[in-house]
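Following: one structure in structure tokens, then a few remarks.
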Amino acid sequence: MNSGLRFWVAWGAGLALLLLLAVWALLQWNLNSYSSLVSDRLLLLAELRRGAVQEYFATADAELRFWSTNRDMLAAQAALVEIWEHDQTVVTDVREAYVESNPHPAEFRLNLEDAGDGSAYSAYHARMHEQARLFVTQRGYYDFFLIGPEGDVLYTVEKEADFASNLETGPFRDSGLAEVFRRAKRASREGAIVVSDMQAYAASSGAPAMFIAKAMKDGNGEFMGVIAFQLPTDGILGIMNYTSGMGETGETYLVGEDRLMRSDSRFTDESTVLKQKVDTPTVELALAGEQGVSYIRDYRGVEVMSAYLPMAVADTQWAVMAEIDRDEIEEGAARERPAMSGALLLVYGLSLWSVWYWRGRQLPEEGAHLAGLDFGDGDSGAMDG
């Protein structure tokens with residue numbers, strides 16, 4: 001192998017090795033850069049979802065404050081409490097009139113405004129029910145409750161099994177509704193609004209439910225009972241299940257202190273609320289009040305990039321999660337590689353051409369120099385001869 005060929009082989013091999021190292025470094029930089037972009041996006045999504053859920057609770061808070069001081073509701077509450085105290089058969093009578101003998105199917109009992117039995121209860125029910133029902137249906141709440149000072153459920157819009165029950169002694173004494181009643185009663189002096197965590201509610205066929213409540217007080221500041229809303233979990237699900245712009249595997253979801261989901265998984269058609277347990281390191285960190293982004297194995301056993309944030313819901317803590325599969329991140333980074341490969345090949349070709357060009361210029365100059373030396377030696381020898 002002559003020296004010129006050896007030069008080109010050595011130079012080409014060395015350049016190829018340098019190119020491979022550059023490719024490896026560039027791929028790592030590209031993956032890290034793309035991953036950092038996805039990480040920032042996931043954290044932003046988690047923050048936006050948290051803000052939307054907090055706004056959802058803030059709206060319910062404001063509307064409950066309004067109704068707790070509404071004159072019509074305060075008058076109705078006072079009248080219903082008096083009826084409950086003086087009519088020994090009121091529980092049986094109202095359940096018969098508005099539940100057992102209600103002409104509407106169970107899911108449409110709210111359509112009955114006046115049972116037509118001529119009772120004092122029905123007179124007040126007819127007066128207040130229309131505006132309460134309109135509020136519930138138009139604002140998207142599940143139910144609206146007026147509860148007496150001793151825990152008697154004096155009024156509900158939906159007339160489910162909790163209507164006319166007692167939250168201290170009846171079958172729903174361990175429910176979320178009973179919990180917020182007791183907490184609102186204890187906080188009546190401060191007028192604080194209380195919220196229950198999400199849990200299955202037997203009166204609503206075991207569906208997940210949350211309650212928000214506030215004490216009602218008369219003109220003298222005396223405790224009259226509690227007003228409460230049953231919050232629709234569909235509102236929270238709608239916020240968390242929005243997947244536009246999240247790719248094929250991106251999802252956001254909520255987890256409670258019991259490590260059970262408070263929203264649905266994207267990867268199943270069945271509801272995972274209060275069913276799917278998520279006991280991952282990032283959930284633990286979020287429930288401990290921290291936030292960040294890490295690679296973990298999620299509740300499906302799949303490696304994901306997981307962004308996590310804490311969110312306080314009254315006296316409980318939820319974890320706000322935003323995740324996407326690691327495979328999808330790597331595939332996204334790989335889609336940018338063809339353009340980089342073309343650029344690297346261009347660099348490789350230009351490098352070879354540059355060497356060839358400068359090497360080619362040097363060769364004639366060296367040849368001419370050597371040729372001049374040879375002619376000089378020949379002339380000297382001829383003259384000596």
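The values are calculated or read from the model by the stated rules, or taken from the named source; none is laboratory data. What you see is a predicted model; the values in this text were computed from it and never measured. Here the Cβ positions follow ideal geometry from the backbone for every residue, glycine too, while neighbour counts run over all protein chains shown. Heavy atoms of the whole protein, side chains included, go into the accessibility calculation; ligands, DNA and RNA do not. Shrake-Rupley method; radii C 1.70, N 1.55, O 1.52, S 1.80 Å.
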Selected residue (criterion: modelled with the highest pLDDT) from residues of the range 48-72 that are acidic (Asp, Glu) and open to solvent by 60 Å² or more (accessible area, probe 1.4 Å): 55
Top-ranked residue of the range 242-271 - restricted to ones that are under 14 Å from residue 200 (Cα atoms) and open to solvent by less than 10 Å² (accessible area, probe 1.4 Å), ranked as nearest to the chain's Cα centre (by Cα): 263
Residue in the range 279-302 that is assigned to a loop (DSSP other than H, G, I, E, B), at pLDDT 95 or above, of a type in the set (D, E, K, R) and under 24 Å from residue 235 (Cα atoms) present: no
Index of the failed condition, residue 162 passing every other in (1) open to solvent by less than 50 Å² (accessible area, probe 1.4 Å); (2) over 35 Å from the mean Cα position of the chain (by Cα): (2)
Residue in the range 208-216 that is open to solvent by 10 Å² or more (accessible area, probe 1.4 Å) and either under 25 Å from residue 129 (Cα atoms) or not charged (D, E, K, R) (or both) present: yes
When residues of the range 219-269 are limited to those that are touching a residue at least 12 places away in the same chain (Cβ under 8 Å) and acidic (Asp, Glu), the one farthest from residue 177 (Cα to Cα): 248
Residue satisfying all of: in the range 243-267; touching a helix residue (DSSP H, G or I) at 6+ places or on another chain (Cβ under 8 Å) and hydroxyl-bearing (Ser, Thr, Tyr); farthest from residue 138 (Cα to Cα) among these: 249
Extreme residue, most open to solvent (accessible area, probe 1.4 Å), among residues of the range 305-335 that are part of a helix (DSSP H, G or I) and of a type in the set (A, V, I, L, M): 334
Qualifying residue in the range 189-203 (condition: free of Cβ contacts under 8 Å to residues at least 60 places away in the same chain, open to solvent by 30 Å² or more (accessible area, probe 1.4 Å) and closer than 24 Å to residue 53 by Cβ): yes
Tally, over the range 73-122, of residues that are surrounded by fewer than 19 Cβ atoms within 10 Å (Cβ to Cβ) and part of a loop (DSSP other than H, G, I, E, B): 14
The range 218-276 - residue that is of a type in the set (D, E, K, R), touching an Asp or Glu at 6+ places or on another chain (Cβ under 8 Å) and not in a strand (DSSP E or B) and, of those, modelled with the lowest pLDDT: 248
